[in-house]
Amino acid sequence: MRTGFPDFRLGNVLSTSFTGTLSERHGDPVERIPTPQRLIDWLAEYDLAVDSCTPAQLELARDLRESIHAAATAAALQEALPAPAVKIINDRSAQGRAAAVLTPEGARQWRLSPASLVEDALSVIAADAISILAGERDGRLALCASPTCQAAFFDTSQSHTRKWCDMNTCGNRQKKARYNAAHRKSPSRAK
Ligand SMILES: [Zn+2]
């Protein structure tokens, strides 16, 4: 979808994909949900369709996002979880209404309240973050090796050795930088 806004990076882990809606936190940050409509668009990508979003609800979403990022970063570094972040994650989890339902095909879906509020969708994201931070899921929280990114991501690879939050962006950039460095060092090898 061409919207004139930064594209989404859609990973397969809900809560860390959500924190990825702000990227390059340690470089030139890219805000991927700059408007309420972009939050609606992002939620729809994860089957969390909401009817509307106000600027105040976008603020709630960003507060949750930064809280998950702070808690996940602390967990990746094996530090104590920051209490204010934990409080916001818990508040968002408690203040939405969403029910897990089973489709005829046996997949889990989230059904939001009849009003389909942003708060309902945020409660699903908060619960996803809690399941990761509580160590309930198979995987490891890690920080992206790109110095300008350092995003917290959930590594579900078998070897738990993933280095980048996203292969197509941070991983690729790193590979290109290494390639260029190698070719600068040995010009005689160039054809
Ligand atoms: Zn990264």
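Each value in this text was obtained by applying a stated rule to the coordinates, not by laboratory testing. Keep in mind that this is a model prediction, so the values were computed, not measured. Cβ placement follows ideal geometry from the backbone for every residue including glycine, while neighbour counts extend to all protein chains displayed.
Number of Lys-Lys pairs in the chain with C-alpha atoms under 18 Å apart and a separation of 8 or more places or on different chains: 4. Rounded to the nearest 20, the size of the Cβ-charge dipole of segment 14-138 about its Cα centre is 180 debye, with Lys and Arg at +1 and Asp and Glu at -1. Entry note, the chain: the mean residue ellipticity at 222 nm calculated from DSSP H runs of n ≥ 4, each adding -39500 (n - 2.57), is -13500 deg cm²/dmol after division by the residues and rounding to the nearest 500. The ranking of 103, 35 by Cβ neighbour count inside 10 Å, starting from the fewest, reads 103, 35.
Counting only cysteine Cβ atoms and a cutoff under 4.7 Å, the chain contains unmatched residues 53, 170.
Subtracting the Cα-Cα distance of residue 107 and residue 66 from their residue separation scaled by 0.36 nm leaves 11.8 nm.
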